[in-house]
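Participant: Sending over a structure as structure tokens; questions will come in a sec.
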Amino acid sequence: MKKKYKFKMDNKQCCVTLSVQPSRGLVDEKFVVLVQNTLPSSLLTIHALHRCEDAHSWHAFAHYTSDATGAVNVSEDCSMSGTYSGVEAMGLLWSLKPVPGSKPGLRMRKKNVQAPMVVTISVYKGHLTEDFGDRVPLASVEVERWYMAPGVRRIPVTEDGLTATLFLPSGPGRFPGILDLWGGGGQLVEYRAALLASHGIATMALDYLTCKYTMETGKIVEKDYFETAYKFLQKHPKILGSRIAMLGLSLGTSVTLKMAVYSDVVKLRCAVCINGSHVQPMDGFLNEMLNYFTEHCRNIHFTKDNEVVWRDILLPIPTDLSRKVDVGKLQCPLMLIIGEDDQNWCPCESAIDMKVMMEQAGNSHLLTVLSYPNAGHLIEPPYTPHARSSLFKDVISHQKFMVLWGGQTLEHSRAQEDAWRKLLVFLRKNLYGDVKTGASLVSNL
Amino acid sequence: MFRVHLSVNAILQLTDIKMKPGFSVYRKLAGLEWLTGAVRWKSNTRPAPILTAAPVRALIDEQMSIKGHFLPPHCPVTVCARMHSDEGDLWQSFAHYNANESGVLSLTRDPSVGGSYLGCEPMGLFWSIQPAPGEREGLRLRKKNVETPYMVHISLLEGHVSPSEQQITELAAVTAERWYIAPGVKRIEIRQNGVVGTLFVPPGPGPFPAVLDLWGMGGGLIEYRSSLLASRGHISFSLAYFGHKDLPSPPNCINVGDSYFKTAFQLLQDHPQVVSDRIGIIGLSFGCYLALRIATRTGVQPSCLVCINGPMGSTVPLINADGRTDQFESFQEYWNFDDEGRVIFKEISLPANLLPESLVKLEKLDCPLMYIVGEDDLSTSSTENADLIEKSLQSAGKSHLLTRLSYPGTGHLIEPPYSPNARESMWVIKPKKLITMWGGHPAPHAAAQEDAWKKILDYLEKHLRS
């Protein structure tokens with residue numbers, strides 16, 4: 001150990017402590033960030049730094065003044081400025097933004113769910129806004145954020161032509177099941193499924209646009225692909241076939257609604273649809289749906305920053321029943337989660353129309369609508385950064401666009417937190433059915 | 001572990017599941033657990049209850065909240081914890097609970113009515129864990145590899161049962177990780193200037209206060225308390241002095257003396273991230289005597305000492321002024337044996353039996369001292385040594401330096417909290433098997449560990465940081 005420089009007794013720096021509890025948490029778990037032993041009323045900046053899997057750096061920071069004991073508690077104290085302000089226990093995570101100089105259009109998405117997201121949280125003297133890398137912090141800790149609890153099993157599924165990953169919770173089961181669908185970006189996106197399994201629900205993430213079948217044949221899958229996925233869950237010995245739900249975001253909503261209403265095979269216990277629409281051509285399925293979008297692309301427009309806005313493609317909502325799912329025929333509870341500032345789809349207008357249809361059919365008691373002002377399209381698990389726009393590769397045209405998703409960061413982050421909590425309550429209520437539930441349903445969130 | 005006495009066909013009929021040939025993936029998964037689960041719980045109509053633990057990845061000294069949901073109201077259940085030690089032995093604990101009228105169970109709120117512990121004990125499953133029936137005798141749970149967690153499989157069993165029973169139905173399970181090290185803490189092996197140890201450095205630029213960590217005559221290099229202290233923001237240095245392959249010595253002798261410990265202390269002082277005048281020493285058992293000796297004889301000036309259940313003089317004859325000892329197994333005059341042939345070392349360290357020339361001159365102590373006593377300590381005469389320390393400091397007009405903690409029903413091995421006490425364990429296997437008594441009863445010892453650890457951490461904060 002080289003003797004570099006010595007710290008004198010009057011150097012109070014060794015006193016400053018920074019702690020984050022828990023230091024290893026699930027992505028949707030809150031933590032407490034505590035700074036202690038600074039001088040009373042000192043100006044401090046708390047900073048978070050994360051290097052994502054694509055090697056981009058993200059950061060967040062907030063300005064505080066320590067109290068009379070020299071402490072700052074992020075869960076109780078007010079940030080004066082920074083990437084978030086006010087009392088925000090989790091602001092250091094949801095306000096993460098690409099560091100200055102990053103390439104535009106980034107979006108943070110965890111690919112490897114078996115390793116944690118590592119965030120370095122530091123406290124600096126003064127109210128800093130830049131050049132954090134050039135300064136030495138007073139203290140610094142590392143925090144792990146996991147999408148997957150220990151004991152959850154990750155099982156790649158390739159049987160029956162499926163391209164999917166099943167996440168099974170610990171224990172003997174049997175578990176209720178969820179089929180988890182993302183949107184038009186394709187790929188096999190696992191993180192939400194891993195997190196749901198960490199809450200005790202067997203969840204299968206399904207790739208339906210860039211799956212093996214499509215990559216090999218060039219053709220889009222049909223209805224039977226989803227029915228096969230459903231049957232796979234239904235007959236799995238650890239899954240209770242009578243308690244299967246579907247969760248879809250964006251284009252995944254279109255699939256979910258179609259299957260929920262029209263499939264003879266798929267019998268859902270409940271469905272959750274995030275920022276999607278019931279508008280789609282009734283004859284045919286996914287292929288026809290994608291063609292429909294292409295045909296209506298005259299409604300696309302661009303912002304002054306050249307971001308593409310796709311929300312008007314399906315508008316106005318047709319009155320013609322051949323162009324939308326007849327949700328009046330739905331027989332299971334449905335939760336719609338809507339970002340009112342969604343610039344990519346038209347979930348508000350669709351929800352209004354769906355509500356009218358269900359009221360007329362007499363099944364509106366099945367409908368729950370969560371609608372969030374200033375939230376955008378990408379309503380994801382909580383405490384993860386918001387992307388108002390990002391670079392998106394359309395799987396059909398293979399073109400890259402800078403897509404405007406919408407949403408204002410603060411309200412969007414609130415929406416993510418609230419929606420996730422309510423989504424879990426909804427799923428548990430419907431998947432655990434007639435079992436009497438106590439006050440502490442989702443107690444560890 | 002889980003055995004059923006029905007034929008596979010009968011089970012399949014009950015559960016109405018058709019096994020499709022060729023589904024090798026989940027057929028392997030199915031196994032016996034599924035079969036057992038299906039028989040009793042009528043799982044073709046309802047899903048299994050849920051068991052949760054939060055946080056599910058925790059440090060050893062952090063509380064975990066364990067809950068069960070979606071149980072039938074007032075349902076009797078058993079919560080069972082199982083884990084493997086680093087040596088591969090199976091440890092387990094269990095407790096009997098009744099779900100409330102809403103079918104919810106909470107270990108932070110509900111009392112255990114039977115099993116490894118009784119009453120409301122949120123962390124009872126962890127501190128009451130014991131070797132499973134059939135495991136080797138004389139075991140003690142000590143983490144060797146601090147860079148990996150203990151994986152604890154916590155399960156919910158139907159009814160009030162013992163895990164070793166024949167027919168058990170596992171209803172739900174959760175796997176929890178318990179860590180001795182926080183993310184970002186660096187582990188550095190030290191073999192320098194003749195000193196053998198392991199250094200743990202917290203993340204961040206520092207500088208940090210530091211702790212020298214000493215254990216007893218069990219020897220070796222024990223890292224887990226150090227790694228926890230580093231996880232709480234101190235640079236911590238586990239020091240070997242006996243029974244380590246990198247410290248050559250005649251058998252059963254401590255072949256290092258004052259100069260060795262002084263060098264170790266100075267290594268810490270010279271570390272670029274250590275504040276050289278904010279270093280404490282923590283010592284258990286013989287490590288306690290070493291801590292006192294370092295503070296009063298070697299010229300270094302620690303900021304504080306934490307001494308747990310240790311003597312204030314050597315229990316073994318010294319062979320030189322530097323403090324090296326003779327072979328301690330040769331001096332068995334004060335070894336006592338109980339009816340089962342287990343050795344009780346307590347009498348060796350009665351003040352009257354300690355080597356007079358080795359008794360630490362407490363009048364030379366210049367730093368605060370916390371002395372922790374386990375009143376049921378069968379290995380060291382802790383109370384008597386504490387009394388003598390107190391008296392000596394009083395005579396020297398230094399009573400203000402002493403903080404004394406004393407815990408009834410508590411044994412010798414006061415370790416980080418929520419880990420099991422060993423009332424006895426294997427001392428040596430060859431030439432003849434010998435078990436030694438440490439003392440302590442499960443519940444009071446667990447309470448003592450929890451309280452003492454909090455007080456130790458606060459004490460270190462007070463004397464090393466403010």
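Participant: In the stretch B:220-248, what count of residues is obtained for those that are within 14 Å of chain A (Cβ to nearest Cβ) and either open to solvent by 10 Å² or more (accessible area, probe 1.4 Å) or not hydroxyl-bearing (Ser, Thr, Tyr) (or both)?
Facilitator: Result for the stretch B:220-248: 9.
Participant: Further, regarding this structure: Considering (1) closer than 28 Å to B:Tyr241 by Cα; (2) crowded, with 17+ Cβ neighbours inside 10 Å; (3) within 9 Å of chain A (Cβ to nearest Cβ); (4) in contact (Cβ under 8 Å) with a residue 60 or more places away in the chain, say which one B:Gln192 fails and leave the rest.
Facilitator: Result: B:Gln192 passes all but (2).
Participant: With the structure loaded, tell me whether B:Met426 is assigned to a strand (DSSP E or B) and open to solvent by 30 Å² or more (accessible area, probe 1.4 Å) or whether it fails that test.
Facilitator: Yes; evaluated as a whole, the condition is true for this residue.
Participant: In the stretch B:292-304, is there at least one residue being part of a strand (DSSP E or B), open to solvent by less than 10 Å² (accessible area, probe 1.4 Å) and either of a type in the set (Ser, Thr, Tyr) or in contact (Cβ under 8 Å) with a residue 60 or more places away in the chain (or both)?
Facilitator: Within the stretch B:292-304 (the criterion being part of a strand (DSSP E or B), open to solvent by less than 10 Å² (accessible area, probe 1.4 Å) and either of a type in the set (Ser, Thr, Tyr) or in contact (Cβ under 8 Å) with a residue 60 or more places away in the chain (or both)), the answer is yes, since at least one residue qualifies.
Participant: Now for a different question. Inspect all residues belonging to the stretch B:80-89 and state whether any of them is under 27 Å from B:Val185 (Cα atoms), modelled with pLDDT of 95 or more, away from chain A (no Cβ under 14 Å) and open to solvent by less than 30 Å² (accessible area, probe 1.4 Å).
Facilitator: Yes, the conditions are met somewhere in the stretch B:80-89.
Participant: So, one more: Give the residue that is nearest to the other protein chains (Cβ to nearest Cβ), with candidates limited to residues of the stretch B:90-122 that are surrounded by 20 or more Cβ atoms within 10 Å (Cβ to Cβ) and of a type in the set (A, V, I, L, M).
Facilitator: By that ranking, first place goes to B:Val104.
Participant: Report yes if some residue within the stretch B:196-219 is within 28 Å of B:Gly374 (Cα to Cα), within 14 Å of another protein chain (Cβ to nearest Cβ), outside any strand (DSSP E or B) and not hydroxyl-bearing (Ser, Thr, Tyr); otherwise report no.
Facilitator: Within the stretch B:196-219 (the criterion being within 28 Å of B:Gly374 (Cα to Cα), within 14 Å of another protein chain (Cβ to nearest Cβ), outside any strand (DSSP E or B) and not hydroxyl-bearing (Ser, Thr, Tyr)), the answer is no, since none of the residues qualifies.
Participant: Just to be sure before I move on: is A:Ala415 surrounded by 24 or more Cβ atoms within 10 Å (Cβ to Cβ) and either in contact (Cβ under 8 Å) with a residue 60 or more places away in the chain or in contact with a Pro (Cβ under 6 Å, 6 or more places away or on another chain) (or both) in the structure I sent?
Facilitator: yes
Participant: Being within 12 Å of another protein chain (Cβ to nearest Cβ), free of Cβ contacts under 8 Å to residues at least 40 places away in the same chain and open to solvent by 30 Å² or more (accessible area, probe 1.4 Å) is the filter here, so list the residues in the stretch B:149-189 that pass it.
Facilitator: Those that are within 12 Å of another protein chain (Cβ to nearest Cβ), free of Cβ contacts under 8 Å to residues at least 40 places away in the same chain and open to solvent by 30 Å² or more (accessible area, probe 1.4 Å): B:Lys186, B:Ile188.
Participant: Oh, and also: Give the residue that is nearest to B:Gly439 (Cα to Cα), with candidates limited to residues of the stretch B:449-463 that are among the hydrophobic types (A, V, I, L, M, F, W, C) and open to solvent by 10 Å² or more (accessible area, probe 1.4 Å).
Facilitator: Looking at residues that are among the hydrophobic types (A, V, I, L, M, F, W, C) and open to solvent by 10 Å² or more (accessible area, probe 1.4 Å), I get B:Trp453.
Participant: A:Glu340 fails exactly one of the following numbered conditions: (1) closer than 18 Å to A:Ile274 by Cα; (2) open to solvent by less than 50 Å² (accessible area, probe 1.4 Å). What is the number of that condition?
Facilitator: Status for A:Glu340: all satisfied but (2).
Participant: Same structure again: Of the residues A:Tyr230, A:Tyr262, only one is farther than 15 Å from A:Gly183 by Cβ, modelled with pLDDT of 95 or more and open to solvent by less than 10 Å² (accessible area, probe 1.4 Å); which?
Facilitator: The conditions single out A:Tyr230.
A quick yes/no check of all residues on (1) away from chain B (no Cβ under 13 Å); (2) free of Cβ contacts under 8 Å to residues at least 60 places away in the same chain; (3) more than 25 Å from B:Met151 (Cβ to Cβ); (4) buried (at least 21 other Cβ atoms within 10 Å of the Cβ):
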{"site": "A:Met108", "(1), (2), (3), (4)": "yes, no, yes, no"}
{"site": "A:Thr120", "(1), (2), (3), (4)": "no, no, yes, no"}
{"site": "A:Lys125", "(1), (2), (3), (4)": "no, no, yes, no"}
{"site": "A:Val141", "(1), (2), (3), (4)": "no, no, no, yes"}
{"site": "A:Tyr147", "(1), (2), (3), (4)": "no, no, no, yes"}
{"site": "A:Val152", "(1), (2), (3), (4)": "no, yes, no, yes"}
{"site": "A:Thr165", "(1), (2), (3), (4)": "no, yes, no, yes"}
{"site": "A:Leu195", "(1), (2), (3), (4)": "no, no, no, yes"}
{"site": "A:Glu216", "(1), (2), (3), (4)": "yes, yes, yes, no"}
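Participant: As an exercise: evaluate B:Leu239 against (1) without any contact (Cβ under 8 Å) to a residue 60 or more places away in the chain; (2) closer than 16 Å to B:Ile188 by Cα; (3) over 18 Å from the mean Cα position of the chain (by Cα) and give the number of the one condition it does not meet.
Facilitator: (3)
Participant: Next question, about the same structure. Those residues that are among the small types (Gly, Ala, Ser) and buried (at least 24 other Cβ atoms within 10 Å of the Cβ), I need them from the stretch B:59-72; list them, please.
Facilitator: B:Gly68
Participant: If you scan the stretch A:174-193, which residues turn out to be under 16 Å from A:Lys235 (Cα atoms), open to solvent by 10 Å² or more (accessible area, probe 1.4 Å) and either away from chain B (no Cβ under 12 Å) or in contact with a Phe, Trp or Tyr (Cβ under 9 Å, 6 or more places away or on another chain) (or both)?
Facilitator: Selection gives A:Arg174 alone.
Participant: Let me ask something else about it. Would you call B:Thr15 modelled with pLDDT of 95 or more and of a type in the set (S, T, N, Q)?
Facilitator: In short, no.
Participant: What number of residues within the stretch A:89-130 satisfy the criterion of being among the basic types (Lys, Arg) and closer than 22 Å to A:Val16 by Cβ?
Facilitator: 1
Participant: State which residue pairs qualify: first residue within 14 Å of chain A (Cβ to nearest Cβ) and open to solvent by less than 60 Å² (accessible area, probe 1.4 Å) and inside the stretch B:249-267, second residue in a helix (DSSP H, G or I) and modelled with pLDDT of 95 or more in any location, beta carbons under 9 Å apart, and separation of 6 or more residues or different chains.
Facilitator: That search, which allows pairs on different chains as well, returns B:Ala264/B:Ile294; B:Phe265/B:Ile294.
Participant: Kindly indicate whether A:Ser102 is more than 14 Å from chain B (Cβ to nearest Cβ), without any contact (Cβ under 8 Å) to a residue 40 or more places away in the chain, in contact with a strand residue (DSSP E or B) (Cβ under 8 Å, 6 or more places away or on another chain) and open to solvent by 20 Å² or more (accessible area, probe 1.4 Å).
Facilitator: Answer is no for this residue.
Participant: If you don't mind, there's one more thing I want to ask. Test each condition in (1) of a type in the set (Gly, Ala, Ser); (2) modelled with pLDDT of 95 or more; (3) open to solvent by 10 Å² or more (accessible area, probe 1.4 Å) for A:Gly248 and report the one that comes out false.
Facilitator: Of everything listed in (1) of a type in the set (Gly, Ala, Ser); (2) modelled with pLDDT of 95 or more; (3) open to solvent by 10 Å² or more (accessible area, probe 1.4 Å), A:Gly248 misses just condition (3).
The values are calculated or read from the model by the stated rules, or taken from the named source; none is laboratory data. Note that the coordinates shown come from a computational prediction; the quantities given were computed from them, not determined experimentally. In this analysis, Cβ positions are derived from the backbone assuming ideal geometry, glycine residues included, and neighbour counts consider all displayed protein chains. All accessible areas refer to the heavy atoms of the entire protein, side chains included, with ligands and DNA or RNA removed. Shrake-Rupley method; radii C 1.70, N 1.55, O 1.52, S 1.80 Å.
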